[in-house]
1. I'd like to know which of ALA196, ILE209, CYS128 lies farthest towards the positive end of the charge dipole of the stretch 87-241, counting +1 on Cβ of Lys and Arg and -1 on Cβ of Asp and Glu.
2. Rounded to the nearest 500, what is the chain's calculated 222 nm mean residue ellipticity when only DSSP H runs of at least 4 contribute -39500 (n - 2.57) each, over all residues?
3. Tell me which of GLY67, ASN16, VAL96 sits at the most positive position along the dipole axis of the chain, charges placed on C-beta atoms (Lys, Arg +1; Asp, Glu -1).
4. Plugging the Kirkwood radius over Cα pairs into Stokes-Einstein for the stretch 2-87, at a temperature of 37 °C and a viscosity of 0.692 mPa s, what D comes out in µm²/s?
5. Report P(r) for the chain: all Cα-Cα distances, bin width 5 Å, range 0 to the bin holding the largest distance, values in whole percent.
6. Please state the charge dipole magnitude for the chain, taken about the Cα centre, from unit charges on C-beta atoms (+1 on K and R, -1 on D and E), reported in debye and rounded to the nearest 20.
7. Give me, ordered by chain and number, the residues 5 or more places off GLY180 or on other chains with an amide H under 5 Å from its own placed amide H.
8. For the stretch 6-79 and the stretch 112-162, what is the separation of their C-alpha centers, rounded to whole Å?
Amino acid sequence: PGIVDEPRGLAAYSANLGWRDVPLRDLLSHRLGAPVALGHDVRTGGLAEGRIGAGRGADRFLFVALGTGIAGAIGMAGRVESGAHGFAGEIGHIVVRPGGTPCPCGQAGCLERYASAAAVGEAWARACGDPDADAAGCARAVTSGDPNAVRIWQGAIDALADGLLTALTLLDPRTLIVGGGLAEAGETLFTPLREAVERRVTFQKLPSIVPAALGDTAGCLGAGLLAWDLLTTTDRTEVTT
Ligand SMILES: [Zn+2]
């Protein structure tokens, strides 16, 4: 995962770009002559979903993106929590199957090894012997009743519900927003997921579990919101120079 130290404006780590502790906010700000807001992609997308998307108006929400990996954003009181070191919301690395599948993070049995779009796609590709088969294909096979697809899909949902139970026990969100590639399966995902979470809660209050609404534009919209927020905390004359 990429790591952004939001309080210090650092692009702390990016494996893809080869960056470590790049003071991106200040570099850009000097170049542009304007204040710059810097955010982590999933937390920024979560901010947009919480404020103007699927969670609009929710004072406490959890945004979970099921893509290549699984990442999350913890929304509270109009902002997204980044944590002391920029790691808050890494729900994909909650261990749901102790001693299970090794994860690049160094642990074994992490949620994203079971319930990311990539994990479902890989399991489905193995099951049907087609290396190009993906999670969307698995979802289609579920709706037509393929027993292997149903088994893989339900395994992913059970792992996801286990991870989400931990998250909502800690965070008590009002709204749980689920996005990313796997969420594009719509009710094929959401109907059994709601049931699986509901089966697991005991004293916890069930949040409303809703699909993300903003798609690929969430990150850009969230970056706009961060900039907008900056205007309310920055001298406007400084912004217009
Ligand atoms: Zn992990």
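1. ALA196
2. -13500 deg cm²/dmol
3. Working it through, the farthest residue towards the positive pole turns out to be VAL96.
4. Numbers: Rh = 13.7 Å.
The estimated diffusion coefficient comes to 240 µm²/s.
5. Percent of pairs per bin, in order: 1, 7, 13, 17, 18, 16, 12, 7, 5, 3, 1, 0, 0.
6. Working: 20 positive and 26 negative charges, 75 e Å.
It works out to roughly 360 debye.
7. Correct list: LEU66.
8. Spelled out, the Cα-based centre of one part sits 29 Å from the other.
Every number in this text was worked out from the coordinates using simple rules, so none of it is lab data. Because the structure is a prediction, the values reported are computed rather than measured. Heads up, the Cβs are rebuilt from the backbone with ideal geometry, glycines too, and the neighbour counts pull from every protein chain shown.
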